[in-house]
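The values are calculated or read from the model by the stated rules, or taken from the named source; none is laboratory data. Because the structure is a prediction, the values reported are computed rather than measured. Reconstructed Cβ throughout: ideal geometry from the backbone, glycine too, with neighbour counts over all protein chains shown. In case anyone asks, the SASA skips ligands and DNA or RNA and just uses the protein heavy atoms, side chains included. Shrake-Rupley method; radii C 1.70, N 1.55, O 1.52, S 1.80 Å.
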Number of protein chains: 2
Amino acid sequence: MNVLLIGANGDIGTIAKVALSERNTVITAGRSKADILVDMADPKSVEAMYKTAGRVDAVVSTAGDAHFASLQEHTQETFMIGLRQKVMGQINLVLSGMEHISDGGSFTLTSGVLDRDPVPMATNAAAANGALGGFVRAAAIEMPRGQRINVVSPGVLEASLPRYGDWFRGHDPVPSDRVGRAYVKCVEGSINGEVVIVS
Amino acid sequence: MNVLLIGANGDIGTIAKVALSERNTVITAGRSKADILVDMADPKSVEAMYKTAGRVDAVVSTAGDAHFASLQEHTQETFMIGLRQKVMGQINLVLSGMEHISDGGSFTLTSGVLDRDPVPMATNAAAANGALGGFVRAAAIEMPRGQRINVVSPGVLEASLPRYGDWFRGHDPVPSDRVGRAYVKCVEGSINGEVVIVS
């Protein structure tokens, strides 16, 4: 399959790319250092990405920012970052992509552990993750031409502990191979409308 | 207690108002026909509402629009309606309200069934509902001065069947008294960080 991977440079994207490359051709997209440059929060940029990409059978997103701050510090402006970037950005990939990808193709988005097992400073990511879970469950029953949609929700990665470990005190870190398999299950398997928890 | 109820004119708000009025003083706020006029999506309007309201012990929101359309019809513009109104609007009540409401006070938001039991045309509401669930779980661990936060997630109301029944084919309608009790539990009880499912 041709897999279009948005966000391949992050910790999760790096793992997904390795796992998916075993049996697929992976084309990368992102804000920098990618085969195709794209800003997910801009529908025109997303549309241009699909036109450049050619035939795509599966879209995998491991991209999308949220803003980490205490609840007291958050304003509408800071809180909208996660809603615009992590939620709307990933949903833009679906809204624009449905007409571009193959019959029976799939979308795999990425959320994370923080809506079900929160840590301080993470209300924006928690809201974004919850939104993506609700979205894929509802979108699954409306996908055209046999297309599927799922979201991978990994815990804090072992690979990310050096940077994020202090934020996730006491959380069980998730090995890379397990995260990679979640993306493989979504792309090469047949599930639809699932929140794939990797813990 | 003094309860500030935003969205008292809707089907859910009408029920919440009756149930909460049994043992509390309910002040209403909303875009029209309310004690205090407010636009939740405008932080300045929300701040003005709290200044007008005086002492508030509990904030209950039964307000927040989402846009119903097929996944194919949605654009970033239409999808942002639910993220700006139902998600950000209700979260604005919390961000602005924490410093205004009493020690040990509470926030009760409203989501709905569509993120866990979707129907066609409802991806925007499903995403909004999921976001609110994730938000309250994470916000609960950061609330100041013993304040609490929960979200009520009711199924389609018996009272709403004449208008919405066609959208919710086969869904069990929820009696009004059960919905009312969910708001009473959140306001007069002690739960925190819960998605209170009313089915």
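Can you tell me which residues in segment B:151-194 are within 14 Å of another protein chain (Cβ to nearest Cβ), under 17 Å from B:ASP57 (Cα atoms) and open to solvent by less than 10 Å² (accessible area, probe 1.4 Å)? B:VAL151 - this is the single residue of segment B:151-194 that is within 14 Å of another protein chain (Cβ to nearest Cβ), under 17 Å from B:ASP57 (Cα atoms) and open to solvent by less than 10 Å² (accessible area, probe 1.4 Å). Checked against the criterion of being of a type outside the set (Asp, Glu), free of Cβ contacts under 8 Å to residues at least 24 places away in the same chain and farther than 30 Å from B:MET121 by Cα, segment A:144-158 has no qualifying residue.
Write out, first by first residue and then by second, each pair whose Cβ atoms fall under 6 Å of each other, whose residues are 6+ apart or on separate chains, and whose first residue, in segment A:113-142, is more than 7 Å from chain B (Cβ to nearest Cβ) and surrounded by fewer than 24 Cβ atoms within 10 Å (Cβ to Cβ) while the second is among the polar types (S, T, N, Q) and not in a helix (DSSP H, G or I). Pairs found: A:MET121/A:SER70; A:ALA140/A:ASN192. For segment B:74-90, filtered to residues that are in a helix (DSSP H, G or I) and β-branched (Val, Ile, Thr), the residue that is least open to solvent (accessible area, probe 1.4 Å) is B:VAL87.
A count restricted to segment B:23-44 and to residues that are open to solvent by 70 Å² or more (accessible area, probe 1.4 Å) and within 11 Å of B:ALA63 (Cα to Cα) stands at 1. Scanning segment A:48-63 for residues that are surrounded by fewer than 24 Cβ atoms within 10 Å (Cβ to Cβ), of a type in the set (Val, Ile, Thr) and touching a residue at least 40 places away in the same chain (Cβ under 8 Å) gives a single hit, A:VAL56.
Scanning segment A:93-110 for residues that are open to solvent by less than 10 Å² (accessible area, probe 1.4 Å), under 19 Å from A:GLY30 (Cβ atoms) and more than 8 Å from chain B (Cβ to nearest Cβ) returns A:LEU93, A:GLY97, A:ILE101, A:PHE107, A:THR108, A:LEU109, A:THR110. With the condition kept exactly as written, say whether any residue in segment B:158-171 is in contact with a helix residue (DSSP H, G or I) (Cβ under 6 Å, 6 or more places away or on another chain) and over 15 Å from B:GLN90 (Cα atoms). There is at least one residue in segment B:158-171 that is in contact with a helix residue (DSSP H, G or I) (Cβ under 6 Å, 6 or more places away or on another chain) and over 15 Å from B:GLN90 (Cα atoms). If you go through segment A:172-190 and keep only what is basic (Lys, Arg) and in contact with a helix residue (DSSP H, G or I) (Cβ under 7 Å, 6 or more places away or on another chain), you end up with just A:ARG181.
Consider A:THR75 carefully, then state whether it is of a type in the set (Val, Ile, Thr), farther than 18 Å from A:ALA131 by Cα and within 14 Å of another protein chain (Cβ to nearest Cβ). Criteria met by A:THR75.
Here is a yes/no grid of residues against (1) at pLDDT below 95; (2) in a helix (DSSP H, G or I):
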{"position": "B:MET121", "(1), (2)": "no, no"}
{"position": "B:ALA125", "(1), (2)": "no, yes"}
{"position": "B:ARG137", "(1), (2)": "no, yes"}
{"position": "B:PRO144", "(1), (2)": "no, no"}
{"position": "B:VAL151", "(1), (2)": "no, no"}
{"position": "B:PRO162", "(1), (2)": "yes, yes"}
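From the list B:LEU109, B:LEU114, B:LEU71, B:LEU93, the lone residue that is of a type in the set (A, V, I, L, M) and part of a loop (DSSP other than H, G, I, E, B) is B:LEU71.
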